[in-house]
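Contents: one structure, followed by commentary.
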Amino acid sequence: MTTQTLDTPTQTQVDFLPLHGTDYVEFYVGNAKQAAHFYKTAFGFQSLAYAGPETGVRDRASYVLVQDKMRLVLTTPLTPNGDIAEHLKLHGDGVKVLALMVDDAYQAFEETTTRGGKPYMQPQTLTDDNGEVRLSGIHTYGDTVHIFVERKNYKGVFMPGYRAWKSNYNPEPVGLKYVDHCVGNVGWNEMNPWVKFYEDVMGFRNILSFDDNDISTEYSALMSKVMSNGNGFVKFPINEPAEGKKKSQVEEYLDFYLGQGVQHVAIATDDIVSTVNQMVARGVEFLSIPDNYYESILDRVGPIDEDLEPLHKLGILIDRDDEGYLLQIFTKPVEDRPTLFFEIIQRKGAQSFGKGNFKALFEALEREQDNRGNL
Ligand code: FE2
(Lines give C-alpha, C1' and ligand atoms only; values in the text may rest on other atoms or scores of the structure.)
Protein backbone atom coordinates (compact mmCIF):
# COMPACT_ATOMS: atom_id res chain seq x y z
CA MET A 1 0.00 0.00 0.00
CA THR A 2 1.18 3.48 -0.78
CA THR A 3 0.75 4.78 2.75
CA GLN A 4 3.01 2.03 4.12
CA THR A 5 5.66 2.76 1.51
CA LEU A 6 5.69 6.41 2.48
CA ASP A 7 6.28 5.48 6.09
CA THR A 8 9.36 3.34 5.49
CA PRO A 9 12.59 4.82 6.80
CA THR A 10 14.11 5.09 3.32
CA GLN A 11 11.15 7.20 2.25
CA THR A 12 11.10 9.47 5.27
CA GLN A 13 14.88 9.89 5.27
CA VAL A 14 15.20 10.99 1.64
CA ASP A 15 17.95 13.58 1.41
CA PHE A 16 16.18 16.69 0.12
CA LEU A 17 19.53 18.36 -0.62
CA PRO A 18 21.85 15.74 -2.13
CA LEU A 19 25.39 17.15 -2.36
CA HIS A 20 28.34 15.72 -4.29
CA GLY A 21 30.91 17.73 -2.35
CA THR A 22 32.46 21.18 -2.38
CA ASP A 23 32.44 22.73 -5.86
CA TYR A 24 34.69 25.64 -4.99
CA VAL A 25 35.70 27.97 -2.16
CA GLU A 26 35.71 31.66 -3.13
CA PHE A 27 37.74 34.25 -1.27
CA TYR A 28 37.25 37.98 -1.56
CA VAL A 29 40.76 39.42 -1.42
CA GLY A 30 42.48 42.79 -1.77
CA ASN A 31 44.65 41.76 -4.71
CA ALA A 32 43.59 38.58 -6.48
CA LYS A 33 46.53 38.62 -8.88
CA GLN A 34 49.01 38.49 -6.01
CA ALA A 35 46.92 36.08 -3.91
CA ALA A 36 46.83 33.70 -6.89
CA HIS A 37 50.62 33.82 -7.05
CA PHE A 38 50.76 32.91 -3.34
CA TYR A 39 48.40 29.95 -3.63
CA LYS A 40 50.27 28.65 -6.69
CA THR A 41 53.70 29.08 -5.13
CA ALA A 42 53.02 28.13 -1.52
CA PHE A 43 50.10 25.70 -1.80
CA GLY A 44 50.78 24.18 -5.22
CA PHE A 45 47.51 25.21 -6.87
CA GLN A 46 47.38 25.25 -10.68
CA SER A 47 46.05 28.02 -12.94
CA LEU A 48 42.61 27.07 -14.29
CA ALA A 49 40.38 30.00 -15.32
CA TYR A 50 40.08 33.77 -15.25
CA ALA A 51 37.30 36.34 -15.46
CA GLY A 52 37.76 40.12 -15.53
CA PRO A 53 37.71 43.12 -17.86
CA GLU A 54 39.26 41.01 -20.66
CA THR A 55 36.27 38.65 -20.51
CA GLY A 56 33.67 41.41 -20.25
CA VAL A 57 33.38 41.53 -16.44
CA ARG A 58 33.64 45.17 -15.36
CA ASP A 59 33.47 45.16 -11.56
CA ARG A 60 35.84 42.38 -10.51
CA ALA A 61 38.69 40.06 -11.43
CA SER A 62 38.52 36.38 -10.48
CA TYR A 63 41.26 33.76 -10.69
CA VAL A 64 40.30 30.09 -10.46
CA LEU A 65 42.93 27.67 -9.19
CA VAL A 66 42.75 23.90 -8.94
CA GLN A 67 44.58 21.07 -7.22
CA ASP A 68 43.16 17.59 -7.72
CA LYS A 69 39.45 17.99 -6.78
CA MET A 70 39.77 21.31 -4.95
CA ARG A 71 38.92 24.57 -6.72
CA LEU A 72 39.77 27.93 -5.21
CA VAL A 73 38.37 31.20 -6.61
CA LEU A 74 40.11 34.47 -5.70
CA THR A 75 38.06 37.57 -6.43
CA THR A 76 38.97 41.22 -6.03
CA PRO A 77 36.78 44.29 -6.64
CA LEU A 78 37.79 46.78 -9.36
CA THR A 79 35.74 49.62 -7.90
CA PRO A 80 35.37 51.08 -4.38
CA ASN A 81 31.62 50.50 -4.29
CA GLY A 82 29.54 47.37 -4.18
CA ASP A 83 29.29 44.15 -2.21
CA ILE A 84 32.81 42.89 -2.86
CA ALA A 85 34.51 46.14 -1.80
CA GLU A 86 32.25 46.41 1.26
CA HIS A 87 33.01 42.81 2.25
CA LEU A 88 36.72 43.42 1.86
CA LYS A 89 36.69 46.68 3.80
CA LEU A 90 34.87 45.09 6.73
CA HIS A 91 36.40 41.62 6.88
CA GLY A 92 39.74 41.84 5.11
CA ASP A 93 40.60 38.84 2.94
CA GLY A 94 38.26 35.97 3.73
CA VAL A 95 35.90 33.30 2.47
CA LYS A 96 32.73 34.59 0.81
CA VAL A 97 31.39 31.45 -0.87
CA LEU A 98 31.30 27.79 0.12
CA ALA A 99 29.94 26.41 -3.16
CA LEU A 100 28.32 22.99 -3.17
CA MET A 101 27.90 20.55 -6.07
CA VAL A 102 24.29 19.61 -6.74
CA ASP A 103 22.31 17.76 -9.41
CA ASP A 104 19.70 20.49 -9.64
CA ALA A 105 20.46 24.05 -8.56
CA TYR A 106 16.84 25.16 -9.05
CA GLN A 107 15.54 22.41 -6.81
CA ALA A 108 18.26 23.09 -4.20
CA PHE A 109 17.08 26.70 -4.02
CA GLU A 110 13.45 25.67 -3.74
CA GLU A 111 14.12 23.04 -1.04
CA THR A 112 16.27 25.34 1.11
CA THR A 113 14.35 28.59 0.78
CA THR A 114 10.99 26.96 1.52
CA ARG A 115 12.63 25.69 4.74
CA GLY A 116 13.68 29.17 5.78
CA GLY A 117 16.95 29.71 3.87
CA LYS A 118 17.47 33.38 2.98
CA PRO A 119 17.94 33.81 -0.78
CA TYR A 120 21.30 35.16 -1.95
CA MET A 121 21.19 34.29 -5.65
CA GLN A 122 17.99 33.53 -7.53
CA PRO A 123 18.27 30.39 -9.67
CA GLN A 124 19.90 31.24 -12.99
CA THR A 125 21.33 29.49 -16.03
CA LEU A 126 24.63 30.61 -17.54
CA THR A 127 25.40 29.38 -21.05
CA ASP A 128 28.24 29.47 -23.54
CA ASP A 129 29.58 27.23 -26.32
CA ASN A 130 30.56 24.60 -23.74
CA GLY A 131 27.07 24.14 -22.36
CA GLU A 132 25.33 25.46 -19.30
CA VAL A 133 25.91 25.89 -15.58
CA ARG A 134 22.94 26.46 -13.31
CA LEU A 135 23.44 28.35 -10.06
CA SER A 136 21.48 29.48 -7.03
CA GLY A 137 22.48 30.54 -3.53
CA ILE A 138 21.46 31.16 0.06
CA HIS A 139 23.00 33.02 2.99
CA THR A 140 24.62 31.27 5.94
CA TYR A 141 26.43 32.71 9.00
CA GLY A 142 27.79 36.27 8.81
CA ASP A 143 28.29 37.46 5.24
CA THR A 144 29.15 33.95 4.08
CA VAL A 145 26.98 32.28 1.43
CA HIS A 146 26.40 28.87 -0.12
CA ILE A 147 26.10 28.72 -3.89
CA PHE A 148 24.60 25.56 -5.37
CA VAL A 149 26.41 24.64 -8.59
CA GLU A 150 24.95 22.30 -11.21
CA ARG A 151 27.54 21.63 -13.88
CA LYS A 152 26.55 18.25 -15.34
CA ASN A 153 25.84 19.86 -18.73
CA TYR A 154 29.04 21.90 -18.91
CA LYS A 155 32.32 20.99 -20.61
CA GLY A 156 34.28 24.24 -20.20
CA VAL A 157 37.14 24.92 -17.77
CA PHE A 158 35.02 26.45 -14.99
CA MET A 159 31.80 28.21 -15.94
CA PRO A 160 30.45 30.63 -18.54
CA GLY A 161 32.06 34.07 -18.17
CA TYR A 162 35.50 32.55 -17.50
CA ARG A 163 38.23 31.76 -19.98
CA ALA A 164 41.04 29.24 -19.61
CA TRP A 165 44.00 30.74 -17.75
CA LYS A 166 47.31 29.69 -19.27
CA SER A 167 50.34 30.73 -17.27
CA ASN A 168 54.08 30.47 -17.82
CA TYR A 169 54.52 29.97 -14.08
CA ASN A 170 53.34 26.56 -12.95
CA PRO A 171 54.83 25.28 -9.68
CA GLU A 172 54.21 21.59 -9.00
CA PRO A 173 51.19 20.52 -6.90
CA VAL A 174 52.00 19.50 -3.30
CA GLY A 175 49.47 16.67 -3.01
CA LEU A 176 46.40 18.55 -1.75
CA LYS A 177 43.30 16.66 -2.89
CA TYR A 178 39.93 17.96 -1.76
CA VAL A 179 38.11 19.97 0.93
CA ASP A 180 37.70 17.75 4.01
CA HIS A 181 35.72 20.26 6.09
CA CYS A 182 35.18 24.01 6.52
CA VAL A 183 34.77 25.47 9.99
CA GLY A 184 32.65 28.51 10.84
CA ASN A 185 33.15 30.79 13.83
CA VAL A 186 29.89 32.25 15.15
CA GLY A 187 29.12 34.59 18.06
CA TRP A 188 28.10 34.00 21.68
CA ASN A 189 24.96 31.81 21.89
CA GLU A 190 24.90 31.51 18.10
CA MET A 191 26.14 27.92 17.69
CA ASN A 192 22.82 26.20 18.32
CA PRO A 193 20.80 28.48 16.03
CA TRP A 194 23.27 27.73 13.21
CA VAL A 195 23.19 24.01 14.01
CA LYS A 196 19.42 24.24 13.63
CA PHE A 197 19.85 26.13 10.34
CA TYR A 198 21.98 23.32 8.90
CA GLU A 199 19.50 20.72 10.20
CA ASP A 200 16.29 22.41 9.11
CA VAL A 201 17.29 24.30 5.97
CA MET A 202 19.94 21.97 4.53
CA GLY A 203 19.09 18.57 6.03
CA PHE A 204 22.46 18.15 7.77
CA ARG A 205 22.98 16.13 10.97
CA ASN A 206 24.98 16.96 14.08
CA ILE A 207 27.55 14.12 14.12
CA LEU A 208 29.87 15.32 16.92
CA SER A 209 29.78 17.86 19.73
CA PHE A 210 32.53 19.34 21.88
CA ASP A 211 31.76 21.44 24.91
CA ASP A 212 34.03 23.81 26.75
CA ASN A 213 35.26 20.97 28.99
CA ASP A 214 36.62 19.21 25.91
CA ILE A 215 38.08 22.36 24.43
CA SER A 216 39.51 24.55 27.08
CA THR A 217 43.02 25.29 28.21
CA GLU A 218 43.98 27.51 31.07
CA TYR A 219 42.75 30.50 29.12
CA SER A 220 41.00 29.85 25.85
CA ALA A 221 37.71 28.03 25.56
CA LEU A 222 35.28 27.23 22.77
CA MET A 223 32.39 24.95 21.95
CA SER A 224 31.90 23.18 18.65
CA LYS A 225 29.32 21.06 16.83
CA VAL A 226 30.11 19.22 13.61
CA MET A 227 27.36 19.26 10.98
CA SER A 228 27.44 16.73 8.12
CA ASN A 229 25.28 16.30 5.05
CA GLY A 230 23.62 12.94 4.35
CA ASN A 231 26.48 11.23 2.49
CA GLY A 232 29.20 12.81 4.64
CA PHE A 233 30.88 14.57 1.68
CA VAL A 234 30.28 18.01 3.22
CA LYS A 235 31.14 18.72 6.85
CA PHE A 236 30.78 22.08 8.57
CA PRO A 237 31.88 22.31 12.20
CA ILE A 238 30.46 25.41 13.93
CA ASN A 239 32.48 27.03 16.75
CA GLU A 240 31.27 29.42 19.43
CA PRO A 241 33.48 31.13 22.01
CA ALA A 242 33.20 30.03 25.65
CA GLU A 243 34.08 31.78 28.87
CA GLY A 244 37.68 31.31 29.97
CA LYS A 245 40.19 33.26 31.98
CA LYS A 246 41.13 35.25 28.93
CA LYS A 247 39.85 35.88 25.44
CA SER A 248 38.74 32.85 23.42
CA GLN A 249 40.51 32.30 20.11
CA VAL A 250 37.04 32.43 18.49
CA GLU A 251 36.45 35.83 20.02
CA GLU A 252 39.77 37.09 18.67
CA TYR A 253 38.62 35.96 15.23
CA LEU A 254 35.23 37.67 15.61
CA ASP A 255 36.94 40.90 16.71
CA PHE A 256 39.24 41.00 13.70
CA TYR A 257 36.86 39.63 11.07
CA LEU A 258 34.20 41.95 12.45
CA GLY A 259 31.63 39.23 12.47
CA GLN A 260 30.99 35.55 11.89
CA GLY A 261 32.82 33.74 9.14
CA VAL A 262 34.95 30.83 8.00
CA GLN A 263 37.74 30.07 10.49
CA HIS A 264 39.57 27.34 8.61
CA VAL A 265 39.42 25.22 5.51
CA ALA A 266 40.77 21.70 5.95
CA ILE A 267 42.32 20.12 2.87
CA ALA A 268 42.97 16.40 2.56
CA THR A 269 46.23 14.79 1.44
CA ASP A 270 47.32 11.15 1.04
CA ASP A 271 50.84 11.91 2.27
CA ILE A 272 50.93 14.64 4.87
CA VAL A 273 54.69 14.45 5.46
CA SER A 274 55.45 15.02 1.78
CA THR A 275 52.77 17.72 1.42
CA VAL A 276 53.83 19.67 4.51
CA ASN A 277 57.55 19.35 3.72
CA GLN A 278 56.90 20.96 0.34
CA MET A 279 54.68 23.68 1.81
CA VAL A 280 57.29 24.56 4.45
CA ALA A 281 59.96 24.75 1.73
CA ARG A 282 57.66 27.12 -0.18
CA GLY A 283 57.23 29.43 2.78
CA VAL A 284 53.96 28.35 4.46
CA GLU A 285 54.09 28.92 8.22
CA PHE A 286 52.58 26.27 10.50
CA LEU A 287 51.83 26.35 14.22
CA SER A 288 54.72 24.86 16.17
CA ILE A 289 53.99 22.14 18.69
CA PRO A 290 56.05 21.62 21.87
CA ASP A 291 58.50 18.72 21.85
CA ASN A 292 56.88 17.11 24.88
CA TYR A 293 53.72 16.42 22.79
CA TYR A 294 55.70 13.71 20.99
CA GLU A 295 57.16 12.09 24.12
CA SER A 296 53.97 10.23 25.03
CA ILE A 297 51.92 10.50 21.85
CA LEU A 298 52.29 6.85 20.80
CA ASP A 299 51.14 5.73 24.25
CA ARG A 300 47.95 7.68 23.63
CA VAL A 301 47.27 6.84 19.97
CA GLY A 302 48.92 3.42 19.64
CA PRO A 303 50.96 2.23 16.67
CA ILE A 304 50.93 4.22 13.43
CA ASP A 305 52.33 3.45 9.97
CA GLU A 306 54.53 6.56 9.81
CA ASP A 307 57.87 7.20 11.47
CA LEU A 308 57.39 9.58 14.36
CA GLU A 309 60.49 11.66 13.68
CA PRO A 310 59.29 13.45 10.50
CA LEU A 311 55.92 14.12 12.17
CA HIS A 312 57.73 15.59 15.19
CA LYS A 313 60.03 17.67 13.01
CA LEU A 314 57.12 19.22 11.11
CA GLY A 315 54.78 19.54 14.10
CA ILE A 316 52.12 17.18 12.70
CA LEU A 317 49.51 16.11 15.29
CA ILE A 318 48.12 12.59 15.66
CA ASP A 319 44.78 11.43 17.04
CA ARG A 320 42.82 8.18 17.07
CA ASP A 321 39.14 7.29 17.25
CA ASP A 322 37.19 4.02 16.99
CA GLU A 323 37.69 3.80 13.24
CA GLY A 324 41.37 4.61 12.87
CA TYR A 325 43.71 7.55 13.22
CA LEU A 326 44.38 10.89 11.59
CA LEU A 327 47.31 13.22 11.07
CA GLN A 328 46.72 16.97 11.00
CA ILE A 329 48.54 20.29 11.07
CA PHE A 330 47.42 23.92 11.08
CA THR A 331 48.89 26.92 9.30
CA LYS A 332 49.19 30.29 10.93
CA PRO A 333 46.59 32.77 9.64
CA VAL A 334 47.25 33.51 5.97
CA GLU A 335 46.32 37.20 6.31
CA ASP A 336 47.65 39.94 8.58
CA ARG A 337 44.41 39.90 10.50
CA PRO A 338 44.33 36.79 12.75
CA THR A 339 41.37 35.32 10.90
CA LEU A 340 41.40 32.49 8.35
CA PHE A 341 43.91 29.63 8.41
CA PHE A 342 44.20 26.23 6.77
CA GLU A 343 44.39 22.69 8.11
CA ILE A 344 46.11 19.89 6.24
CA ILE A 345 44.68 16.49 7.17
CA GLN A 346 45.44 12.87 6.32
CA ARG A 347 42.78 10.43 7.45
CA LYS A 348 43.78 6.85 8.08
CA GLY A 349 40.34 5.53 8.96
CA ALA A 350 39.43 8.15 11.55
CA GLN A 351 36.38 10.24 10.65
CA SER A 352 36.65 12.57 13.66
CA PHE A 353 38.39 15.93 14.08
CA GLY A 354 41.35 15.48 16.42
CA LYS A 355 39.74 16.07 19.80
CA GLY A 356 42.80 14.53 21.50
CA ASN A 357 44.91 17.32 20.02
CA PHE A 358 42.82 20.24 21.18
CA LYS A 359 44.91 20.94 24.26
CA ALA A 360 48.29 20.98 22.46
CA LEU A 361 46.78 22.86 19.56
CA PHE A 362 45.09 25.52 21.64
CA GLU A 363 48.18 26.09 23.70
CA ALA A 364 50.04 26.68 20.44
CA LEU A 365 47.27 29.04 19.29
CA GLU A 366 47.38 30.91 22.60
CA ARG A 367 51.10 31.52 22.25
CA GLU A 368 50.39 33.16 18.88
CA GLN A 369 47.44 35.09 20.29
CA ASP A 370 49.65 36.31 23.14
CA ASN A 371 52.32 37.42 20.65
CA ARG A 372 49.66 39.58 18.99
CA GLY A 373 48.62 41.06 22.35
CA ASN A 374 45.14 39.55 21.99
CA LEU A 375 44.99 37.07 24.84
FE1 FE2 B 1 39.50 21.24 11.33
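The values are calculated or read from the model by the stated rules, or taken from the named source; none is laboratory data. Every value quoted in this text rests on a predicted model; they were computed, and no experiment measured them. Don't worry about glycine lacking a Cβ; one is built from the backbone with ideal geometry, like all the others, and counts go over all protein chains shown. Accessible surface areas use protein heavy atoms only, side chains included; no ligands, DNA or RNA. Shrake-Rupley method; radii C 1.70, N 1.55, O 1.52, S 1.80 Å.
Positive end of the dipole of the chain, charges at C-beta (+1 Lys, Arg; -1 Asp, Glu), about the Cα centre: which of Pro241, Ala105, Tyr198 has its Cα farthest in that direction?
Result: Ala105, furthest along the dipole toward the positive end.
Calculate the length of the line joining the C-alpha centroid of segment 65-102 to that of segment 161-192, in whole Å.
Their Cα centres are 10 Å away from one another.
Just to make sure I understand: if all protein chains stay in place, what is the order of Asp93, Asp299 by accessible area at 1.4 Å, largest first? Walk me through the intermediate numbers first.
On the way: Asp93 55, Asp299 135 Å².
Accessible-area ranking of Asp93, Asp299, largest first: Asp299, Asp93.
Determine the percent antiparallel among the DSSP beta bridges restricted to the chain, to the nearest 5.
Bridges in the chain are about 80 percent antiparallel.
Compute, for the chain, the length of the dipole vector about the Cα centre, with Cβ point charges of +1 (Lys, Arg) and -1 (Asp, Glu) only. Units Debye, rounded to 20.
1000
Can you give the Kirkwood hydrodynamic radius of segment 176-372 from its Cα pairs, in Å with one decimal?
17.2
Using a 1.4 Å probe on the protein heavy atoms, what percent of the accessible area of the chain belongs to carbon and sulfur?
48
In deg cm²/dmol, rounded to 500, what helix-only [θ] at 222 nm does the chain give when every DSSP H run of at least 4 residues adds -39500 (n - 2.57) and the total is split over its residues?
-7000 deg cm²/dmol
With the other protein chains left in place, how much accessible area per residue, in square angstrom, belongs to the chain at a 1.4 angstrom probe?
44
Got a sec? What order do Arg372, Arg58, Arg71 fall in by accessible area at 1.4 Å, biggest, i.e. largest, first?
Arg58, Arg372, Arg71
What list of ³J(HN,Hα) values in whole Hz, one per residue of segment 34-44 in order, does the Karplus curve 6.51 cos²θ - 1.76 cosθ + 1.60 (θ = phi - 60°) give from phi, with Gly and Pro shown as x?
6, 4, 4, 4, 4, 6, 6, 5, 7, 9, x
Send over the per residue convex hull volume for segment 26-118, Cα only, as a whole number of Å³.
Per-residue hull volume (Cα only) is 130 Å³.
Taking the Cβ-Cβ separation of Asn130 and Val57 as r and a Förster radius of 22 Å, what is the calculated FRET efficiency to the nearest 0.05?
0.80
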